[in-house]
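Every number here is computed from the coordinates shown, using simple stated rules; none is lab data. Just so you know, these numbers come straight off a predicted model, no measurement behind them. Cβ: placed from backbone, ideal geometry, glycine included. Neighbour counts: every protein chain shown.
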There are 2 protein chains.
Amino acid sequence: MDINFQKSGGLVPAIIQDERTGDVLMLGFMNPESLAETQRTGEVVFFSRSRNKLWKKGESSGHVLRVREMRVDCDADALLVRVEAVGPGVCHEGYRSCFFRAMDADGNTKIISKPAFAPEKVYRKEKF
Amino acid sequence: MDINFQKSGGLVPAIIQDERTGDVLMLGFMNPESLAETQRTGEVVFFSRSRNKLWKKGESSGHVLRVREMRVDCDADALLVRVEAVGPGVCHEGYRSCFFRAMDADGNTKIISKPAFAPEKVYRKEKF
C-alpha cells in the first residue's frame, strides 16, 4: 500500500497513541525518509516542519517512542502509530501527552493533566 | 488560545477519538470556519481538502460525531476531539475506524478489524 504524501505537501500526519493506555500522546508529520527510518529502526522519526529536517523523537530527552504497531487509514493519507513511550512523557512542556489542555466551545483552554517531569532537567539548554 | 492554522496551509489536523473506548477513529482537517461550526453545533465539521468545502461528518450516513471534549496540543497546531460516534462506524469503507489496516515494517498491510456495516446501504450512491 502506497502512502499518499501529496495531500499534505509531501508529508503525512502521524498520530502517536500509547499502546497500553490508549491515550493520544502527540501528532507529528513524516516524509518518506522519516517513515522509512521509523520502519527501519522501530523508533519514531518525524520530519520537523519548523527545523526542516528529520527529527528523531527523544534525541535530546531520551524519551523515544518504540513502535508497537503501525496502522494506515482508508485513504492512506494518515498514520496511527501505537507505541511504547519510554520515559515519563513526550511533551517538551513536561506532560505525558502534548494534549494536556482542554478547549471549550468558546475557545478557552484549561490544563487538565498533571505535570509528569521537569522539562528543564530533561532537555539540554540548546533545545530552546 | 489561538489555534495555529498556518503550519498546515490554513488547516489544522483534528484527531477523532472514541471517548468511551479510546480508539482513534479517523483524522480530518479543520479550517477556522469548520472549527467554529464544530464548536457552535457540538458535532464535528471538517474541511474537505478534496472537495474544497465544509464537510459535516455524517451528512450522508447519519453517522455524526458528537463532541464530548476538545483538546489542543502544546503548540496549538493539532486538535484532539473526543467524541460519541453515532452509528456503527465512521469509515466509508464500512469499518468502525478508518484505521482498520495494520502496516508492517516492509509496508505490507493487513486488515485487522471486522466490517461494522455495509457501506452501500448507508451512503447514497452519489457519494461515490
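Descriptive notes on the structure:
- Residue-count net charge about residue B:88 - beta-carbon cut-off 12 Å; Lys, Arg +1, Asp, Glu -1: +3
- Shortest-first nm distances, residue B:110 label point to equivalent points in other copies (7 Å, Cα→Cβ): 4.4
- Assigned charges on the beta-carbon of Lys, Arg, Asp, Glu; the protein assembly as shown dipole about Cα centre (debye): 40 debye
- Links that overshoot a 25 Å alpha carbon limit, given the list B:53/B:114; A:7/B:121; A:7/A:53; A:7/B:57; A:53/B:110: B:53/B:114; A:7/B:121; A:53/B:110
- Of A:18, A:73, A:106, the one that fluctuates the most in a GNM where chain A has Cα springs shorter than 10 Å: A:106
- Within the listed set B:89, B:62, B:107, the residue fluctuating most in the Gaussian network model of chain B (springs between alpha-carbon atoms under 10 angstrom) is B:107.
- Trypsin sites (Lys or Arg not before Pro) restricted to DSSP loop in segment B:23-125 with at most 13 other C-beta within 10 Å: B:51, B:124
- Magnitude of the charge dipole, chain A, Cβ model with Lys/Arg +1 and Asp/Glu -1, debye to 20: 540 debye
- Across the protein assembly as shown, counting alpha-carbon atoms alone, Rg and Dmax equal 17.6, 57 Å.
- Largest GNM mean-square fluctuation across A:36, A:102, A:76, computed for chain A with C-alpha springs under 10 Å, falls on A:102.
- Relative contact order, whole percent, for segment B:1-92 stands at 29, derived from Cα pairs under 8 Å and 6 or more residues apart.
- Using alpha-carbon coordinates, inclination of helix B:32-41 to the longest axis of chain B, degrees: 70 degrees
- Counted over segment A:24-128 with a bin width of 10 Å, the fraction of Cα pairs per bin, in whole percents, is 14, 41, 34, 11, 0.
- Chain A: antiparallel DSSP beta bridges as a percent of all, rounded to 5: 80 percent
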